[in-house]
Amino acid sequence: MENHVFFLVLFATFMHAVWNGMVKNHPDKVVAVAAIAFGHFPLAIIAIIFLPVPTKDCIPFIIASAIIHQGYSWYLLSAYQIGDLTKVYPMARGFGPLVATIISILILGLVLKSLIILSILLICFGIMMLGLLDKGNKNFKVIQFSLITGFFIGLYSLVDGYGARASLSPIVYMSWAFILHAALFPIVLKIKKQNNIIQRVYKNGKLVFWVGGSLSFIIYTIVVWAFTKAPIPMVGALRESSIFFSIFIGYFFLKEKITPTKICSIVLILVGVTGLKLY
């Protein structure tokens, strides 16, 4: 991975931790998640007005991405309904790159050096242990829904990576994918019996909508651009190391404690990220 790609993704991971901190600190996680999804709209609309239309080759990927994101949203909300974000999020985000790596190697024929695979595994386990080793995490359904959410993360990462490669521009690709995802998302919310979500976001989620949604748009577009420059599993694992920054944001701004588990997580993530950089 070239230096400029590595450090741009690393910057994106830090900013990802910032908007995730906004969601984490919000009293209504459904409103926060919806605000992020709908908050992609403003920048996406601006992009599609001024940029070319997507190529026909990437349209199937845009549709697939939006559908997969609905599965991701469904199980993420299901997990949040019965478990805390601090337990759900690490398991889901850590499992995603693992899924992408397994599919890439076994199905798509990607060849990765042993050091890269080991680095990805260290990052994934370092992230997942924050949820799996939580003493209060004894609900199997929470673990199940979190891992299924991670499965969808791995899927949409691969679809978006290949879709961006088929597109003239990752920004064009992601703008249309975000719009379609946001357009379909109310269906998931309706089935989940989350009524009046627009009003709830307007009343209690405006900051997350404007700031978190815009950050999320910019950050993930950078990541998808990086998917076109380096192997998707590598970029995906590096992206999820945002948990490292989340721990420190939680400590300094949300008054959370640094536990031995978090220290172990930090060490594993740092070793894994160093391994990716050495490549």
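Values in this text are rule-based calculations from the coordinates and carry no lab data. Just so you know, these numbers come straight off a predicted model, no measurement behind them. We place every Cβ from the backbone using ideal geometry, glycine too, and count neighbours over all the protein chains shown.
Calculate, in nm to one decimal, what Y251 and Q199 gain on full extension: separation in residues at 0.36 nm each, minus their alpha carbon distance. All intermediate terms of the calculation are to be shown ahead of the outcome.
Working: separation 52, 0.36 × 52 = 18.72 nm, distance 3.24 nm.
Extending this stretch completely gives an extra 15.5 nm.
Report the extension gain between L270 and L168 in nm, rounded to one decimal, defined as 0.36 nm multiplied by the number of residues separating them, less their alpha carbon distance.
Numbers: separation 102, 0.36 × 102 = 36.72 nm, distance 3.42 nm.
That works out to 33.3 nm of additional length.
Excluding same-chain residues fewer than 8 positions from K113, which lysines have a Cα within less than 26 Å of its Cα?
K113 reaches K229, K277.
For the chain, taking Cα atoms only, what is the radius of gyration to one decimal and the Dmax to the nearest whole Å?
Cα radius of gyration and Dmax of the chain are 17.6, 51 Å respectively.
Relative contact order of region 160-234: what whole-number percent is it, with Cα pairs under 8 angstrom and at least 6 residues apart? Can you show the working numbers first?
Numbers: 30 pairs, mean separation 44.6, N = 75.
Contact order relative to length: 59 percent.
Using just the helices of the chain, give the 222 nm mean residue ellipticity in deg cm²/dmol: DSSP H runs with n ≥ 4 each add -39,500 (n - 2.57), and the total is spread over all residues, rounded to 500.
On the way: 13 runs with 220 residues, N = 279.
So the calculated ellipticity at 222 nm is -26500 deg cm²/dmol.
Quick one: which of 252-258, 206-212 comes out on top by average Cβ neighbours within 10 Å, and what's the full order, highest first? Present the calculation step by step, with values, prior to reporting the outcome.
Numbers: 252-258: 10.4, 206-212: 18.0.
Top to bottom by mean Cβ count within 10 Å: 206-212, 252-258.
Once you put a point 7 Å from the Cα of I263 and another 7 Å from the Cα of L115, both along the Cβ direction, what distance in nm separates them?
Result for the modelled spin labels: 2.9 nm.
Would you list, by chain and number, the lysines whose Cα falls below 17 Å from the Cα of K206, excluding same-chain residues fewer than 8 positions away?
K24, K29
Based on alpha-carbon centroids, what's the gap between region 45-90 and region 131-183 in Å, whole number please?
Region 45-90 and region 131-183 have Cα centres spaced 6 Å from each other.
Please give the peptides 67-76, 112-121 ranked by average Cβ packing (other Cβ atoms within 10 Å per residue), highest first, as a rough proxy for protection. Spell out each step's value before the answer.
Details: 67-76: 21.0, 112-121: 16.2.
The peptides rank, most packed first, as 67-76, 112-121.
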